[in-house]
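**Student:** Okay, handing you the structure first.
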Amino acid sequence: MNAFQLDTAAVAISVSLIVSYYVFLASRVRRNPDYTIQAINHKARMLWVEAVMRDRSKDIMAVQALRNFGMAATFKASSAVLLIIGTLTLSGQAESLARTWHVLNIGGSQAPELWIVKILCLLTALLVAFFAFAMTIRVLNHVVFMISLPADAAHGALAPEWVAARLNQAGAFYTVGMRAYFVTVPLAFWLFGPVLLVVSTMGLVVMLYYLDRSPFSQEG
């Protein structure tokens with residue numbers, strides 16, 4: 001097996017690990033809808049929106065909570081922009097860096113063309129993160145106005161359950177952004193070789209297993 005084939009095999013193994021994890025997670029969710037922390041957060045946001053819209057004394061608390069949520073998404077979107085700029089800088093140094101880092105590139109190809117592919121994969125993950133966090137902020141901007149409506153005057157698309165659905169949409173975008181950030185870890189290690197790509201992907205899957213499980217889940 002030559003160096004290029006080793007990189008290809010490492011990518012295939014890494015993708016298979018991540019896909020297998022999500023297949024496993026989907027099977028658990030089918031058996032127990034509350035298996036993941038995301039499902040618990042989804043229910044919590046629905047109950048929170050309903051409580052806020054039915055109790056006008058909670059308006060200030062709701063706006064502050066949404067502001068904090070938006071600030072977190074803004075910080076991560078800004079961080080993604082900085083990382084994108086750094087990644088683009090690396091793309092202009094493909095040939096020199098491929099030679100400089102070859103000592104750490106255990107068994108992998110040192111071709112500048114493959115280095116560009118690695119940079120593009122890393123750049124794609126960061127762009128997904130940026131747009132996901134940007135969409136989080138966009139949806140939250142709408143929810144801020146919706147949640148300020150009294151429940152007895154909010155009907156149709158402005159009913160509490162639909163406002164909660166919009167807030168959960170923002171939560172879903174935020175989760176996508178964080179997942180894209182997580183994926184950048186093995187992609188960054190891939191710059192140093194295919195072996196580190198597989199090892200870091202295994203570490204990512206283990207971390208996701210513990211992060212995704214609800215603390216109240218009784219399943220292994």
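The values are calculated or read from the model by the stated rules, or taken from the named source; none is laboratory data. Since we're looking at a predicted model, the values are computed, not measured. In this analysis, Cβ positions are derived from the backbone assuming ideal geometry, glycine residues included, and neighbour counts consider all displayed protein chains.
**Student:** Residues in the stretch 204-214: is at least one among the small types (Gly, Ala, Ser), at negative phi and surrounded by 20 or more Cβ atoms within 10 Å (Cβ to Cβ)? Break it down into steps so the answer makes sense when it comes.
**Tutor:** Taking the stretch 204-214 first, the residues among the small types (Gly, Ala, Ser) are 214.
Then keep just the ones that are at negative phi; that gives 214.
Going one step further and asking which of them are surrounded by 20 or more Cβ atoms within 10 Å (Cβ to Cβ), we end up with none.
Checking the stretch 204-214: not a single residue is among the small types (Gly, Ala, Ser), at negative phi and surrounded by 20 or more Cβ atoms within 10 Å (Cβ to Cβ).
**Student:** Right, next: Restricting attention to the stretch 64-97, report how many residues are out of contact with any Leu (no Cβ under 8 Å at 6 or more places or on another chain), of a type outside the set (D, E, K, R) and modelled with pLDDT under 85.
**Tutor:** Going through the stretch 64-97 one residue at a time, the tally reaches 5.
**Student:** Further, regarding this structure: Looking at Ala39, Ala12, Ala26, Ala51, can you tell me which residue is touching a helix residue (DSSP H, G or I) at 6+ places or on another chain (Cβ under 8 Å) and free of Cβ contacts under 8 Å to residues at least 24 places away in the same chain?
**Tutor:** On inspection, the qualifying residue turns out to be Ala51.
**Student:** From Ser27, Ser16, grab the single residue that is surrounded by fewer than 16 Cβ atoms within 10 Å (Cβ to Cβ), modelled with pLDDT of 90 or more and closer than 26 Å to Ala129 by Cβ.
**Tutor:** Values: Ser27 fails: closer than 26 Å to Ala129 by Cβ.
Selected residue: Ser16, the only one of Ser27, Ser16 that is surrounded by fewer than 16 Cβ atoms within 10 Å (Cβ to Cβ), modelled with pLDDT of 90 or more and closer than 26 Å to Ala129 by Cβ.
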